[in-house]
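The values are calculated or read from the model by the stated rules, or taken from the named source; none is laboratory data. Nothing here was measured: the structure is a model prediction, and the numbers come from that model. Positions of Cβ are generated from backbone atoms using ideal geometry, with glycine treated the same way; all protein chains shown enter the neighbour counts.
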Amino acid sequence: MDLENQKRVKDLAEEHGPENIVVLLGAAEAEASGLAAETVTNGDPTYAGPLTGVSLGLKVYHVCEPEVKAEFDPQVYEDQISMMEMVLDVDEICSEMNSIREQYCKY
Amino acid sequence: MNSVIKGTGYVLVHTPDMVLHNGTTQTTERIVNPESEYLKELPKHLRSYEDVLSYYPNQTYIGNVTPDELAAVEQPWHDKKAPMNDRFGPFGEIMPQEEFLLLMQACDVFDLVKLSSDFVAAHKDALLKNEYVGPAVEGRLAEGVSMEEVEKLVNEEHAEPLYHGNVLVGCVKNAHDIDVNLSAHVMLENIVSKASSVLAMLHAVRNAGIDKNEVEYVIDCCEEACGDMNQRGGGNFAKAAAEIAGLDGATGCDVRGFCAGPAHAILNAASLVAAGTFKTVMVTAGGCTAKLGMNGKDHVKKGLPALEDCLGGFAVILTADDGVNPCINLEYVGRHTVGTGSSPQAVISALVTNALDKAGLKINDIDKYSPEMQNPDITKPAGAGDVPQANYKMIGALGVKRGDLEKSELAAFPQKHGLVGFAPTQGHIPSGVPYIGFARKSILEGTINRAMIIGKGSLFLGRMTNLFDGVSFIIEKNEGKGQEAGVSEEQVKGLIAKAMKDFAASLLAE
């Protein structure tokens, strides 16, 4: 994850309390989604950014996961996400996200 | 009037030492974690010049291997050798580092690049022998300085060292004692960009078969900024490079837009030609040292060569309609506007289907799409996937949503209307433009009729806006109707001669 974004996530979690934060991802691949999810839960796995060694344990979802989709106005989802839903390997992304949440999510 | 693509230049420069010393992944690591395993391992993963020459995507970039031929080679490509290892191709060349360091010295007009005299003596002839570059730099090459002077500048005056084969061979000096915008680091990046731009320009002029003096205007679209503390992005890379390339009849300016810069610049250039403001306009961009080895950590971790070891450069020459070369269609342009939004669906709709709607075309009426042409050999091991393929899936999915395609046709869409990525991950360099050379060739040969070039840019990286950006345009076959109105001087002379002959013949007959 971009170092500046790590800093922003860290600052927001401190400001609002980690239990009040949900991180929503839009990455195009399961691996990239997993890396970003791991960064905001267990810490930066590349040891490069402000979240290195910082386990925030935040709630983190990919925008194509069913839990998130259910929260959307269906028309907005159709206009904004449906094309990507057709393109992405949603099952693989969901399984990666579930695995990261099971391991590291604290909330 | 239409503007046509007269010629292109595509160049790579193999710079293994700059990967180690100037790539930001490495310079950041050296600050954050100087004893890291990665920094120790990376030098073992650098490729030789010969390996870089025989790397399939590189031979594609300079035009020796077509994208179709590359697509037929099974990925990954880094463990295979192309059947040729030519330095030169129909679009340009792959220059070795030692010659490039001399080219940087020739492009420096402020006495900032200092190379050791031994190094200059050892490699000068090779650069001068280059038929494209030699004539332009002859008389601009300094003899070099002593190694003592280089070491003193590096150790005592904050000069940026230049290495070849991990041996110090020169440096780039500060251009100002205090101003960070003129620091040795910035000057090195800017001179590298300028020199690789010059190289691409020289190839483009030669490939277009025009006289250098015909170029009236140059637009640079790299992602660097040159200026000083009072005008940090003052510019003008375009004119600076045009001076070295010997385009004495040209002025120019810089156009920026992150990775979308080249597509914006080509639209600007095509419009200047179409409006009749200038007859011949060149768009050019040099490469970027900062991005060298950007994904090196993943490549090293996976035991791969450090594949981001080349600077990229390109130049495209646009001229008034000659009735032959492919045209840039300025009527049906795609653009991402402030109100578009940033979801991929909104972006692709704005860039692709809006233009098609205006033109009354369907998704499959475009023979080839050229979006972000990053080499997947580089991006896949880094977890970024196959970028061009991802774009084709999105364009295809949009086609299905519009009813232009059946869902069952989706899987075959990328292969039919797409290309494999073959450009180095140098930001603006892979952004749509690498295909223009092949598009011109394929349209002239009649194998395709239309191509769409799509440039996208991540404006948010500059922290001035959260917006995304992009523009797209269609290159199409020249129908031969739009040739410049009127007749040439030769034609007038021919007509007069014929009339005189006819008149004489009629007199004789009488």
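Just one residue in the set B:Glu50, B:Glu29, B:Glu35 is within 14 Å of chain A (Cβ to nearest Cβ) and loosely packed, with under 15 Cβ neighbours inside 10 Å; that residue is B:Glu35.
If you go through segment A:68-107 and pick out every residue that is of a type outside the set (Phe, Trp, Tyr) and closer than 23 Å to B:Gly341 by Cα, you end up with 20.
Is segment B:410-424 home to any residue that is over 21 Å from B:Ile453 (Cα atoms), of a type outside the set (A, V, I, L, M) and within 13 Å of chain A (Cβ to nearest Cβ)? Among the residues of segment B:410-424, not one is over 21 Å from B:Ile453 (Cα atoms), of a type outside the set (A, V, I, L, M) and within 13 Å of chain A (Cβ to nearest Cβ), which makes the answer no. Of all the listed residues (B:Tyr61, B:Tyr55), the sole one being surrounded by 24 or more Cβ atoms within 10 Å (Cβ to Cβ) and within 30 Å of B:Val324 (Cα to Cα) is B:Tyr61. Where helices (runs of 4 or more DSSP H) fall entirely within segment A:15-85, those with at least 2 residues that are over 12 Å from the mean Cα position of the chain (by Cα), surrounded by fewer than 17 Cβ atoms within 10 Å (Cβ to Cβ) and of a type outside the set (Phe, Trp, Tyr) are at A:66-69, A:74-80. Do we have any residue at all in segment B:477-484 that's closer than 24 Å to B:Pro371 by Cα and at pLDDT 80 or above? Yes, that holds for at least one residue. Taking every residue in segment A:15-26 that is closer than 17 Å to A:Ala70 by Cβ and pairing it with any residue that is at pLDDT 95 or above and of a type in the set (Phe, Trp, Tyr), at least 6 positions away or on another chain, the pairs with Cβ-Cβ distances below 9 Å are A:Val22/A:Tyr61; A:Leu24/A:Tyr61; A:Leu25/A:Tyr61.
The set of residues from segment A:41-72 being within 14 Å of chain B (Cβ to nearest Cβ) and of a type in the set (Gly, Ala, Ser) comprises A:Ala48, A:Gly49, A:Gly53. Remark: B:Asp118 falls outside the filter, which requires a residue to be part of a loop (DSSP other than H, G, I, E, B), charged (D, E, K, R) and at pLDDT 95 or above.
Mind counting the residues in segment B:112-129 that are more than 25 Å from B:Glu189 (Cβ to Cβ) and either among the aromatic types (Phe, Trp, Tyr) or under 28 Å from the mean Cα position of the chain (by Cα) (or both)? Residues meeting the conditions: 3.
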